[in-house]
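Asks: The structure under discussion is supplied below as C-alpha cells; questions concerning it will follow.
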Amino acid sequence: MPFLNKRISKALIWVIAISLLNLGCIVFHPESAAKNEHGYYTKHYGSCGVIALHKARSNFSDYSGTRRISHDIQDSGNLARILLSLVHHHSFYITWPHEIKNHLNKHGYKVEEINDLKSLNGGDVAIVLVRGSVIEQQLHWMCYPNDDNIRTYFGENTEIVKIYLIKR
C-alpha cells in the first residue's frame, strides 16, 4: 500500500507542476473566476445544474433561489471546478451528479436513479443529465416535467446519461 500512496503522490505533484506551467484559458478569462463578497463563484449561479434544481424544487412549492442553491453546493467544495478551470474557464458552471444528489438529500428529498424517461408518470419530478457531442463536451442538466425538449436538447445526438427521480 505505501507503494501506491507514493505513486499517487508523485502523480499529484506532476499534475500540479504541469498545471502551474500551463495555466490554461482561465488566465485570459479571470471574470469566470469572479467571487462575490462571501467568496462564492458567481458563474456557478447560472449553472444548468443549479437551474434544474431550482425548477425541480419549485414543483414541490419549495422556492429556494438559484443563489442559495449554488451557495449550498459550493459549500461542499470547489476543488474540482478550480482544477478544471486550468483547462477551461467554463468549469465554474459545472455541477457534479453527487452535488445534485447531496443537495436534494440535504433538503429532505429522496433521490432514486432510474433508467428511462418512459418510467416517469404524470406528477413525477426528475433531474436529467443529457449529453450531446463528446468532443464538444456537451452536457446539460434538465428538469422533468419543466423542460420539454429533454430527448432532443442536442438534436439527434442527445443521449440521456442520468435520471434522478425526486420524491418528497
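The values are calculated or read from the model by the stated rules, or taken from the named source; none is laboratory data. Remember, it's a predicted structure, so these values are computed and weren't measured experimentally. Cβ sites come from the backbone with ideal geometry, for glycine too, and all protein chains shown count toward neighbours.
Residue-by-condition table, conditions (1) modelled with pLDDT of 90 or more; (2) part of a helix (DSSP H, G or I); (3) surrounded by fewer than 14 Cβ atoms within 10 Å (Cβ to Cβ); (4) out of contact with any Cys (no Cβ under 6 Å at 6 or more places or on another chain):
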{"site": "S9", "(1), (2), (3), (4)": "no, yes, yes, yes"}
{"site": "A17", "(1), (2), (3), (4)": "no, yes, yes, yes"}
{"site": "H38", "(1), (2), (3), (4)": "yes, no, yes, yes"}
{"site": "A52", "(1), (2), (3), (4)": "yes, yes, no, no"}
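Asks: Among the residues of segment 121-136 satisfying the criterion of being at pLDDT 95 or above and farther than 22 Å from A80 by Cβ, which is surrounded by the fewest Cβ atoms within 10 Å (Cβ to Cβ)?
Replies: Residue satisfying both the conditions and the ranking: D124.
Asks: What about L139, is it under 13 Å from the mean Cα position of the chain (by Cα), at pLDDT below 95 and surrounded by 12 or more Cβ atoms within 10 Å (Cβ to Cβ)?
Replies: yes
Asks: Let me ask something additional. Could you please let me know if H98 is surrounded by 14 or more Cβ atoms within 10 Å (Cβ to Cβ), modelled with pLDDT of 85 or more and either of a type outside the set (A, V, I, L, M) or not in a loop (DSSP other than H, G, I, E, B) (or both)?
Replies: No: the conditions fail for H98.
Asks: Restricting the search to segment 126-136, which residues are over 13 Å from the mean Cα position of the chain (by Cα) and touching a residue at least 40 places away in the same chain (Cβ under 8 Å)?
Replies: Selection gives A126 alone.
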